[in-house]
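Engineer: I have a structure I would like to understand better, so I am pasting it below and will then ask my questions one at a time.
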Amino acid sequence: MTENTYDDQNIFARILRHELKADVIFENDHVLVFRDKFPQARVHLLAIPKGRYRSFDDFSAHAGQEEIVSFFQAIGDSARQAGLTCGGYRLVSNCGKNAGQEVPHFHMHILGGEALGPIISQLH
Ligand code: 5GP
């Protein structure tokens, strides 16, 4: 498999096919939002498009307008629903190997529920 091929066996593809369970907090035709299994903040959600996109780069280059709009609306709605707007929250998407992306299906981390500290903890 090349880096440009979508891996249908990745964990999030399996969650979308209901082969693996997830604690879903929002779903529509284009988007699924669920809790991260290994939370790195008091509230740690993951938003994923239902389409087969490997990364933000892939999504931003190839997704349709409806998918893109729906994705960002779902993030805002989920953050409000989770009560994150009052204290604030952080959106992070790791894209590719320099960012340490582990799951090759585009996802946005939604982190909050506490003060999160600096955006990058280790500098050269
Ligand atoms: P990445 O490092 O690719 O940006 O983030 C992948 C995220 O997926 C990590 O935060 C990790 O905790 C989360 N994760 C890995 N496996 C599972 C799983 O089986 N279920 C859920 N809900 N999250 C997972």
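The numbers here are math on the coordinates, done by the rules we state, and not lab data. Owing to the predicted nature of the structure, the values given are computational and were not obtained by experimental measurement. Using ideal geometry, Cβ is built from the backbone for each residue, glycine included, and neighbour counts are taken over all protein chains shown.
Engineer: Inspect all residues belonging to segment 62-75 and state whether any of them is assigned to a loop (DSSP other than H, G, I, E, B), free of Cβ contacts under 8 Å to residues at least 12 places away in the same chain and of a type in the set (Gly, Ala, Ser). Please lay out each step first, then the result.
Structural biologist: Keep residues of segment 62-75 that are assigned to a loop (DSSP other than H, G, I, E, B), which gives 63-64.
Narrowing further to those that are free of Cβ contacts under 8 Å to residues at least 12 places away in the same chain: 64.
Pick out the ones that are also of a type in the set (Gly, Ala, Ser) and you get 64.
Among the residues of segment 62-75, at least one is assigned to a loop (DSSP other than H, G, I, E, B), free of Cβ contacts under 8 Å to residues at least 12 places away in the same chain and of a type in the set (Gly, Ala, Ser), which makes the answer yes.
Engineer: Residues in segment 111-119: is at least one β-branched (Val, Ile, Thr), assigned to a loop (DSSP other than H, G, I, E, B) and closer than 26 Å to Arg14 by Cβ?
Structural biologist: No: segment 111-119 contains no residue that is β-branched (Val, Ile, Thr), assigned to a loop (DSSP other than H, G, I, E, B) and closer than 26 Å to Arg14 by Cβ.
Engineer: Let me ask you something else. I need the full set of residues from segment 21-35 which are within 13 Å of the ligand (Cβ to nearest atom), of a type outside the set (Val, Ile, Thr), in contact with a helix residue (DSSP H, G or I) (Cβ under 9 Å, 6 or more places away or on another chain) and farther than 19 Å from Gln101 by Cβ, in order please. Steps first, please.
Structural biologist: First, pick out the residues of segment 21-35 that are within 13 Å of the ligand (Cβ to nearest atom): 21-25, 32-35.
Pick out the ones that are also of a type outside the set (Val, Ile, Thr) and you get 21-23, 32, 34-35.
So of that shortlist, the ones also in contact with a helix residue (DSSP H, G or I) (Cβ under 9 Å, 6 or more places away or on another chain) come out as 21-22, 32, 34.
If the condition is that a residue be within 13 Å of the ligand (Cβ to nearest atom), of a type outside the set (Val, Ile, Thr), in contact with a helix residue (DSSP H, G or I) (Cβ under 9 Å, 6 or more places away or on another chain) and farther than 19 Å from Gln101 by Cβ, then Lys21 is the only one that fits.
Engineer: For segment 84-106, enumerate the residues that are touching a residue at least 24 places away in the same chain (Cβ under 8 Å), part of a loop (DSSP other than H, G, I, E, B) and over 28 Å from Thr5 (Cα atoms).
Structural biologist: Leu84, Gly87, Gly88
Engineer: Do we find a residue being out of contact with any Gly (no Cβ under 9 Å at 6 or more places or on another chain), among the small types (Gly, Ala, Ser) and buried (at least 18 other Cβ atoms within 10 Å of the Cβ) anywhere in segment 114-124? Quick ask: steps written out before the conclusion?
Structural biologist: Within segment 114-124, the first condition is being out of contact with any Gly (no Cβ under 9 Å at 6 or more places or on another chain), and the residues that meet it are 117-124.
If we keep only those that are among the small types (Gly, Ala, Ser) as well, we get 117, 121.
So of that shortlist, the ones also buried (at least 18 other Cβ atoms within 10 Å of the Cβ) come out as none.
Checked segment 114-124: no residue is out of contact with any Gly (no Cβ under 9 Å at 6 or more places or on another chain), among the small types (Gly, Ala, Ser) and buried (at least 18 other Cβ atoms within 10 Å of the Cβ).
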